[in-house]
Amino acid sequence: MKQVLLAIVSAMLATTGAMAQGTMTFTTAAPQGTAVRILANVVSSTQPITIDFGNGVEQKFTIDPDQAAWQRWIDGTIEGSTITVSGQVTEFQLQEAQLTSAELDGMSNLTKLDLSKNSLTSFELLTLTPLTSLDLSYNNIQNSPATNPTLSLENCGKTLEWLTLNNNTGLQCLDVQYQTALKYLTLNDCPDLASIFICLPESSQATLTSINLSNCSLSNFYPVSLPSLRTLNLSGNRLMTMGTDNPFVLGDYPELTSLSLSNNKNVDVLDVTKCTKLEDLFINGCSFELIDVSQAPALRTLNVADNKIRSLDLGNNTSISTLNISGNPMTVLDVSKLPSISSLNISNTQISRVDLMEAFFLKSFNASNTLLEFVDFNGLQANRVDRIDLRNCPNFTPESMNYTL
């Protein structure tokens, strides 16, 4: 009887051990003989990682989890179209191996995965995986609202903090409503990405700190509550505030410090009065005629270039150090209350005079293609200014040049 029980227990332990090992299966388009490098880590040096590079031969590699990363590299050669990895792996990186698909099953110890710079069209987590960081950037991952909108990431929903998916052609949408621990979301330069679902309108996503969705195809970014959000980049999209029944508006972002909406040609209205902690605002290349930044006293960088703005009140923004108003039909700009200004660009405006007597920290001044007649410097900036551009200023005479310089 004891022998039977021991046999059953041994079988159960063996099964449990096999399940704990987990398997990652990758297909690759790389030619046979292609050299690859894998950076991995494991739970214990007594549990080797097993890799089949495509020829059916399993190779075992022993890794000391306490060693530095440079001591944990594994060099191998692709021998077939399918690579299989198993073991109690905690971290795994395989780049530039022309991987076309990735399937993970039973990876119960894996916390960090980097498969960037491959040719992945599909990625799937078959079971719960405690990932905290996932990098699938520079691939060709494909989906649609009807086909795998979550990329199976609900299987790491309670642990994933860093999600990097930038530069994926074919990614049409992403549903991250199950990522309750997500802090950093990077999705820039996905040209087919037209929708992102973060949470229900009546809900809140409490952990998101940074979102980069620049250079995608978003026509809207629905206003939801993101109480921890500090950085939001929506530049280079198709956002609209005019000619639509569903205009773009900001959600509830009380901690927001950096906002970029640049190069959204159909955006002409923006209410940032509730973003009282805003430090950096980029709305260049839009269609604004007015922008109210009076409720953002901590503003340091303001770029409103290439809009339709005729006047700009900066009386309550005394911390501004970088200001770009180029390409606007402005005739007057008061910077006398900006003692910290270090970079000023008024090029391609109709400004004829600017008082820089109080700009003690000015380093760069661009006034090309303006109606500027002369500039009032205070004579103390000579040791700091490293760039002055006064090209194509028809009202600037040799006398005013001598006066200025």
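Computed from the coordinates by the stated procedures, all read-outs in this text should not be read as laboratory data. Computed from a prediction, not measured in an experiment: that's the story for all the values here. Don't worry about glycine lacking a Cβ; one is built from the backbone with ideal geometry, like all the others, and counts go over all protein chains shown.
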| remark: Calc'd 3J(HN,Hα), the stretch 344-361, phi into Karplus 6.51 cos²θ - 1.76 cosθ + 1.60 (θ = phi - 60°), Hz, glycine/Pro = x, comes to 10, 10, 10, 4, 6, 10, 10, 6, 10, 8, 9, 9, 10, 4, 9, 8, 5, 10
| query | Taking a ≥ b ≥ c as the square roots of the eigenvalues of the Cα gyration tensor of the stretch 321-405, is the shape rounded (a/c under 1.5), prolate (a/b larger than b/c) or oblate? | reply | oblate
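Take every Cα pair under 8 Å in the chain that's 6+ residues apart, average their separations, divide by the length, and report that relative contact order as a whole percent. Intermediate values should be presented prior to the final figure.
Values: 1166 pairs, mean separation 26.8, N = 405.
Taking the mean separation of contacting Cα pairs over the length of the chain, I get 7 percent.
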| request: Sort out for me the Cα centre separation of the stretch 167-188 from the stretch 250-294, rounded to whole Å. | output: 23 Å
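Extension gain D75-V57, at 0.36 nm per residue separation less the Cα-Cα distance, in nm?
On the way: separation 18, 0.36 × 18 = 6.48 nm, distance 1.52 nm.
Residue separation times 0.36 nm, minus the Cα-Cα distance, leaves 5.0 nm.
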| said: Here is the link list: K112/K183; K265/K363; K183/K277. Which ones come out longer than 23 Å on Cα distance? | reply: K265/K363
| said: Give me the one-decimal Kirkwood hydrodynamic radius in Å for the stretch 51-194, with the sum taken over alpha-carbon pairs. | reply: 15.9 Å
| query | Given the rule -39500 (n - 2.57) for each run of at least 4 DSSP H residues, summed and divided by the residues of the chain, what is its mean residue ellipticity at 222 nm, to the nearest 500 deg cm²/dmol? | reply | -2000 deg cm²/dmol
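Of K112, K158, how do they rank once you tally other Cβ atoms within 10 Å and put the fewest first?
Numbers: K112 18, K158 12.
Sorted ascending by nearby Cβ count, the order is K158, K112.
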| field | ³J(HN,Hα), Karplus 6.51/-1.76/1.60, whole Hz, each residue of the stretch 311-325, x for Gly, Pro | value | 8, 8, 9, 10, x, 10, 10, 6, 8, 4, 10, 10, 9, 10, 10
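Which trypsin sites (Lys or Arg not before Pro) does the stretch 290-333 hold that lie in a coil by DSSP with at most 15 other beta carbons within 10 Å? Please report the intermediate quantities before stating the final value.
Numbers: sites: R300, K308, R310; in loops: R300, K308, R310.
Sites meeting the loop and neighbour criteria: K308, R310.
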| If you take the beta carbon distance between L128 and R353 as r and set R0 to 56 Å, what does 1/(1 + (r/R0)^6) give as a FRET efficiency, to the nearest 0.05? | 0.25
| remark: Taking a ≥ b ≥ c as the square roots of the eigenvalues of the Cα gyration tensor, with a/c under 1.5 meaning rounded and otherwise prolate when a/b exceeds b/c and oblate if not, the stretch 211-344 is oblate
| query | Residues with beta-carbon under 14 Å from that of E279, excluding E279: net charge, scoring Lys, Arg +1 and Asp, Glu -1? | reply | +1
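Average projected area of the Cα convex hull of the chain, in nm²? Don't jump to the answer; show the numbers that get you there.
On the way: hull surface 107.8 nm².
Over every viewing direction, the Cα hull of the chain projects on average to 26.9 nm².
Let me know the volume per residue of the alpha-carbon convex hull for the stretch 62-121, in Å³.
Numbers: hull volume 6.4 nm³, N = 60.
With only Cα atoms used, the stretch 62-121 gives 107 Å³ per residue.
Report the percentage of all Cα-Cα pairs in the stretch 169-239 whose separation exceeds 13 Å, rounded to a whole percent.
Numbers: 1542 of 2485 pairs.
I get 62 percent for the Cα pairs in the stretch 169-239 exceeding 13 Å.
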| request: Round to the nearest 10 and give me the degree value, 0 to 90, for the angle of helix 2-21's Cα axis relative to the longest principal axis of the chain. | output: 30 degrees
| query | Over what distance in Å are the Cα centres of the stretch 47-114 and the stretch 117-151 separated? | reply | 18 Å
| query | What Rg and what Dmax come out for the stretch 200-277 when only alpha-carbon atoms are used, in angstroms? | reply | 12.0, 34
